[in-house]
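A quick write-up on the structure given underneath.
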Amino acid sequence: MKKICFVTTIPLTIKSFLLGLTKHLIEKENYDVTFMCNDDEVLRDMCNEHLHFIPVKMKRGVGFDGISVINKMTKIFKEQQFDIVQYSTPNASLYASIAAGRANVPCRLYCQWGIRYMGFTGVPRFIFKSIEKLICRKSTIIEVESCSLMEFSLKEGLYRKEKASVIWNGSACGVNLEKFDYTKRQELRIQIRQQLGISEKDVVFGYAGRITRDKGINELVDAFVGAKGVDKAKLLLIGNYDNSGSMRADVIDTIDKCESIKHVGWVKNVEQYYAAMDVFCSLSYREGFGLVVIEAGAMATPGIVSNVPGQVDTIIDGKTGILAEVKNVESIRKAIETFMVNSALVGEMGINARKHIEESYDDGVLFAKLAEHRNQLIKK
């Protein structure tokens, strides 16, 4: 039986991105899987003969607990004799790459799902780029989430081309096309809009994720309220504030008071809310890929997406959505106005988006390719 350990800093990463692949590896590829992250009751309850959980306390952000975490991981890796240790998220990747090297794990797989220092300047950029280069150097193989992210990394000198690859068309986990069933779009659209008090005539621009500065919320709100015809449109924000102090106070005030903006907390049935939107907006300053964009596309909702490495891979500009210049309110506003006056374009791009997701990001196909990649790594 092949043994693999998934290491992340927080449990949410495993629950959001790795459960589908885990199921595939156990049921179809004869793997024994171990999760390693901060303690979590849900992950404890999932354990069985072939699925295990080893909690290791790790802080998010820079901390002084790194040495003790590395020592603990090294001991576990030596005891467990994993064929592959796979890691993602910044702190977990730093600790696991060092510990797995010390434990002589044969395959140290870094899943590069983003680059923390992208957009940083000065000393912070130097520090976090140095950490990223260390993780890449300590890893035996790098699996990159998107082609544009790999291109950025190669230009930055983070690793050699022969050390890295993008599996199929990228994405950490693809999209479950049964869950994101666009044939139910019209039914769900009516249902959710009625719940939220949104007219069928309104053009709805949406967002799902953490409500924070680095996700481009300041620019999205500015562009929306400044667009022509905004009285016939709505901005639907799904998610909770995260580090709200990073956002401009006037933007938070606008979100709270503007009648054209609907702020909903986090929801489990996000696919239903994608159906209620006409256009999905993701204006992040940095992304490894942009799962929410392809999820929305699976519900036949086109996107307005910032042109940052990683996220540019999620749409075909002019066919499944529109690329906007990152941090550029005017560019975002023009994209909003383009969709606001052209309902036919919304529908056309939405259908194109669904077809593109079916062909490129079906999670079942992706899991099979990810599994084959891991099988080949073990054989080598």
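The values are calculated or read from the model by the stated rules, or taken from the named source; none is laboratory data. Since we're looking at a predicted model, the values are computed, not measured. Using ideal geometry, Cβ is built from the backbone for each residue, glycine included, and neighbour counts are taken over all protein chains shown.
Based on what the data block shows, is residue 249 hydrophobic (A, V, I, L, M, F, W, C) and under 20 Å from residue 349 (Cβ atoms)?
Working: hydrophobic (A, V, I, L, M, F, W, C): yes; under 20 Å from residue 349 (Cβ atoms): no.
In short, no.
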Exclusive hit being at positive phi and in the same structural domain as residue 115 (by TED's automatic domain parsing), set 30, 38, 48, 71: 30
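Quick check on this structure: which one of 23, 78 is touching a helix residue (DSSP H, G or I) at 6+ places or on another chain (Cβ under 9 Å), closer than 23 Å to residue 292 by Cα and in a helix (DSSP H, G or I)?
Numbers: 78 fails: closer than 23 Å to residue 292 by Cα.
Within the list 23, 78, the selection yields 23.
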Return a yes/no flag: does the range 264-272 have any residue that is touching a residue at least 40 places away in the same chain (Cβ under 8 Å), closer than 18 Å to residue 173 by Cβ and surrounded by 18 or more Cβ atoms within 10 Å (Cβ to Cβ). yes
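Restrict the check to the range 222-242 and report whether at least one residue is more than 27 Å from residue 346 (Cβ to Cβ) and part of a loop (DSSP other than H, G, I, E, B).
First, the residues of the range 222-242 that are more than 27 Å from residue 346 (Cβ to Cβ): 240-242.
With the extra rule that they be part of a loop (DSSP other than H, G, I, E, B), the set shrinks to 240, 242.
Scanning the range 222-242, I find at least one residue that is more than 27 Å from residue 346 (Cβ to Cβ) and part of a loop (DSSP other than H, G, I, E, B), so the answer is yes.
Could you please give the count of residues in the range 141-176 that are touching a residue at least 60 places away in the same chain (Cβ under 8 Å) and either in contact with a Lys or Arg (Cβ under 9 Å, 6 or more places away or on another chain) or within 16 Å of residue 289 (Cα to Cα) (or both)? Talk me through it step by step, then tell me what you get.
Start the filter on the range 141-176 by keeping residues that are touching a residue at least 60 places away in the same chain (Cβ under 8 Å), which leaves 141, 143, 145-149, 151-152, 165, 167-176.
With the extra rule that they be either in contact with a Lys or Arg (Cβ under 9 Å, 6 or more places away or on another chain) or within 16 Å of residue 289 (Cα to Cα) (or both), the set shrinks to 141, 143, 145-149, 151-152, 165, 167-175.
Summing the residues that are touching a residue at least 60 places away in the same chain (Cβ under 8 Å) and either in contact with a Lys or Arg (Cβ under 9 Å, 6 or more places away or on another chain) or within 16 Å of residue 289 (Cα to Cα) (or both) in the range 141-176 gives 19.
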For residue 91, which of the numbered conditions (1) outside any strand (DSSP E or B); (2) of a type in the set (S, T, N, Q); (3) more than 23 Å from residue 144 (Cβ to Cβ) fails to hold? (3)
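Take residue 159 and decide whether it is surrounded by 21 or more Cβ atoms within 10 Å (Cβ to Cβ), over 20 Å from the mean Cα position of the chain (by Cα) and over 20 Å from residue 309 (Cβ atoms).
Numbers: surrounded by 21 or more Cβ atoms within 10 Å (Cβ to Cβ): yes; over 20 Å from the mean Cα position of the chain (by Cα): yes; over 20 Å from residue 309 (Cβ atoms): no.
No, not satisfied.
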So, in the range 348-363, how many residues would count as being assigned to a helix (DSSP H, G or I) and in contact (Cβ under 8 Å) with a residue 12 or more places away in the chain? 11
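Quick check, is residue 188 under 17 Å from residue 257 (Cβ atoms), hydrophobic (A, V, I, L, M, F, W, C) and either surrounded by 20 or more Cβ atoms within 10 Å (Cβ to Cβ) or assigned by TED's automatic domain parsing to the domain that holds residue 299 (or both)?
On the way: under 17 Å from residue 257 (Cβ atoms): no; hydrophobic (A, V, I, L, M, F, W, C): yes; either surrounded by 20 or more Cβ atoms within 10 Å (Cβ to Cβ) or assigned by TED's automatic domain parsing to the domain that holds residue 299 (or both): yes.
No: the conditions fail for residue 188.
Condition check: β-branched (Val, Ile, Thr) and touching a residue at least 24 places away in the same chain (Cβ under 8 Å). Does residue 127 satisfy that?
On the way: β-branched (Val, Ile, Thr): yes; touching a residue at least 24 places away in the same chain (Cβ under 8 Å): no.
Against the criterion (β-branched (Val, Ile, Thr) and touching a residue at least 24 places away in the same chain (Cβ under 8 Å)), residue 127 does not qualify.
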List every residue pair whose Cβ atoms lie under 7 Å apart, where the two residues are 6 or more positions apart in sequence or sit on different chains, the first residue falls within the range 292-307 and is on the phi > 0 side of the Ramachandran plot, and the second residue, located anywhere, is surrounded by 24 or more Cβ atoms within 10 Å (Cβ to Cβ). 300/350; 300/353
Being under 18 Å from residue 204 (Cβ atoms), surrounded by fewer than 24 Cβ atoms within 10 Å (Cβ to Cβ), of a type outside the set (Ser, Thr, Tyr) and not assigned by TED's automatic domain parsing to the domain that holds residue 167 narrows it down to one residue among 303, 347; which is it? 347
